[in-house]
1. Which of SER120, SER33, SER66 moves most in a GNM of the chain, Cα contacts under 10 Å?
2. Using Cα pairs under 8 angstrom and six or more residues apart, how large is the relative contact order of segment 21-107, in percent?
3. Quick check: net charge around LYS101, other residues with Cβ under 12 Å of its Cβ, Lys/Arg +1 and Asp/Glu -1?
4. How much net charge surrounds THR112 when only the other residues with a Cβ under 12 Å from the Cβ of THR112 are counted, with Lys and Arg +1 and Asp and Glu -1?
5. Sort out the exposed loop chymotrypsin sites (Phe, Trp or Tyr not before Pro) in the chain (DSSP loop, at most 15 other Cβ within 10 Å) and tell me the longest stretch that has none.
6. How far apart, in nm, are the 7 Å Cα→Cβ label points at VAL134 and TYR116?
7. What are the membrane-span-like helices in the chain by this rule: whole DSSP H runs, Cα extent along the axis at least 15 Å, mean Kyte-Doolittle hydropathy at least -1.0?
8. Of all GluC sites (Glu not before Pro) in segment 63-139, which ones are in loop regions per DSSP and have a Cβ with at most 15 other Cβ atoms within 10 Å?
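No lab work stands behind these numbers, since they all come straight from the coordinates. Just so it is clear, the model here is predicted, and its values are computed rather than measured. Here the Cβ is made from the backbone with ideal geometry for all residues, glycine too, and neighbour counts use every protein chain on show.
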Amino acid sequence: MRSEGGFLLSKVHQLMGRVFNRLLREHGIELNSAQGRILFVLWERDGIPITELAQATMLSKSTLTSMLDRLEEAGHLRREPSPEDRRVTLITLTERNRLLKDRYDRVSKEMTELFYEGFSTEEVDSFEGYLRRVLGNLSGSG
């Protein structure tokens with residue numbers, strides 16, 4: 001059986017990143033989609049250790065560290081020592097970044113509407129279920 005699922009997902013990912021980056025620029029948000037993925041996790045769970053952030057974003061610690069450097073330089077986040085364990089560094093959002101969340105959420109909603117244009121609710125649920133299964137299959141072999 002010949003399947004194009006992986007190829008199609010790769011193409012969707014590539015095009016999705018380009019479209020999302022364009023939408024961010026159009027709304028005056030100076031971030032790229034990868035930086036947005038990091039901030040999205042922090043908007044959900046602020047003040048988490050780098051290791052937890054790496055797991056949630058599925059980025060390697062070395063990639064994440066360089067991205068955090070750029071986000072910190074741009075004033076979006078801070079690194080702070082954990083009060084419980086000095087060996088642990090927590091990543092926290094700045095007040096400047098919290099103000100960006102509403103604008104980012106609007107862009108994200110616009111992207112979601114574009115992504116699922118013409119899909120029924122049932123189709124979206126099925127599609128996302130299949131993607132979760134593929135993610136689970138691949139997560140165990142990484």
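1. Of the options given, SER120 has the highest mean-square fluctuation.
2. Answer for segment 21-107 is 31 percent.
3. With Lys, Arg at +1 and Asp, Glu at -1, the net is -1.
4. Neighbourhood net charge equals -3.
5. That would be 1-115.
6. 1.7 nm
7. Membrane-span-like by this rule: 5-26, 33-44, 61-73, 121-139.
8. GLU84, GLU117
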